[in-house]
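A quick write-up on the structure given underneath.
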Amino acid sequence: VTDSQEGFAAFAAAEHAALVRAAYLLTGDRDTAQDLAHDTLVRVLIKWRQVARAEVPAAYARRVMLNIFLGRRRRQRFAESPLTEGHLAEGSGGAEAVNDRDEVVRLLLMLPPRQRAAVVLRHYEQRSEHEAARLLDCPVGTVKSLTSRGLTRMREAARETVTEDR
Amino acid sequence: MTLDVDSATQRAAEAITVAPLDLQSIQRDAHARVLARRLRWTGGTAAAALILLAAGAGMAGGDGPRRTGTLLAGQPIDGVRTYNGLVHDHVEGAVAYPQDPPVGGPHGIEPQTCGVYTRPVANTAAVHSLEHGAMWIAYGPDVPQADVEALTRLVGNDPYRLLSPYPSLGGRIALQAWGVQLFVDSAQDPRVREFADRYTNGPQTPERGAACTGTAAAVDDPHDVPAPRTGDASAPADR
């Protein structure tokens, strides 16, 4: 085993859980998240020598993951899902009891993938607008509008959920 | 209802159970992807060649397919031992191979970069090169210098040929490709060239066309594993 392979093993061990958790917010499904993180690490390993030399590997891995996620969306795998009765029925009853931990995942899933990715980067990963722009490969202004439209839509949907439930 | 997206996403993400990292499956899939990419590259050419070959055989008459088979397989080279059912696992650390030098089986993550080495290379890396199509010539310390020079010329710059000393061989020369092995006493033995021609990227290669590049590290004893690399491995360090 070489230096570079050991470097990757250490990197993967350090980043794996964080990638899975972010992937879970993007996909809303634990198994899909595991797969997405796995595919991401596979691609990072293939390019590891260049990656380790050229840039911050963790940032590179995020970009790879977002590319896979947003690329697959075109094949409709991670498209937004409408909020249905079924989703609500899974909750534990009244609006007060709605667990905002599960709720936030359902709300994220209603967003188009790029809005979802922007919200996850800014509000979960706490990345700056500048970093998020680099990771999403778009202008800072686009990050701002994606995030604000995403949040607005989530807040509206959250209110609707509450009113419909009552 | 207010929605605190920052803390809600934190709690949602932290709430899931993350399965442990499976480094081996990541390595396996990365390997497979690289391989698939290379096959896609060479696949078109190979398919065209096969079609031409099949067409040629067809035109040659009723005994075409049989002739093609003979053409590809050739007559066995006298003295070549063949081994089937070798496994392809990637392992860390040394491997005790049943053949010495080894002809296949579990191997290290990185292949040995093909080329001419004047110090031994690790068996685990050389076996990975065999898997990718390398024809590996190992020679003992008592092999005459003139023979070593002849073998060096034979290996030349071929990207699928590997030459390295092998202490336990004494005065013998061992030629290996995946699953096949030939021992000779002299580089002048005509079977050396036959073996090299037939088994450099030979038809029995499991991952034919995969690159014979990886580590360029030399070792003191081939039964060791390569030391961590310090420099770039684009060319054998000990040419």
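Each reported figure results from applying straightforward, stated rules to the coordinates on display, with no laboratory input. The structure displayed is predicted, hence computed values, not measured ones. Counting neighbours? That spans all protein chains shown, and the Cβs are built from the backbone with ideal geometry, glycine included.
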Ranked list, fewest to most other Cβ atoms within 10 Å of each Cβ, for A:Tyr24, A:Tyr124: A:Tyr124, A:Tyr24
Note, ³J(HN,Hα) from phi for segment B:92-99, Karplus 6.51, -1.76, 1.60, rounded to Hz, x at Gly and Pro: 9, x, 6, 10, 8, 8, x, 9
Relative packing of A:43-51, B:19-27, which averages over residues the other C-beta atoms within 10 Å, highest first: A:43-51, B:19-27
At R0 = 30 Å, FRET efficiency that the Cβ-Cβ distance of B:Leu23 and A:His130 yields, to 0.05: 0.35
Distance between modelled label sites at A:Arg101 and B:Leu39, nm, 7 Å Cα→Cβ extension: 4.4
Cβ-Cβ FRET estimate between A:Arg149 and B:Glu14, R0 fixed at 22 Å, reported to 0.05: 0.25
Rg over Rh, two decimals, segment B:158-210 (C-alpha only, Kirkwood Rh): 0.97
Projected label distance in nm at B:Gln145 and A:Ala14, using a 7 Å step from Cα toward the beta-carbon: 5.0
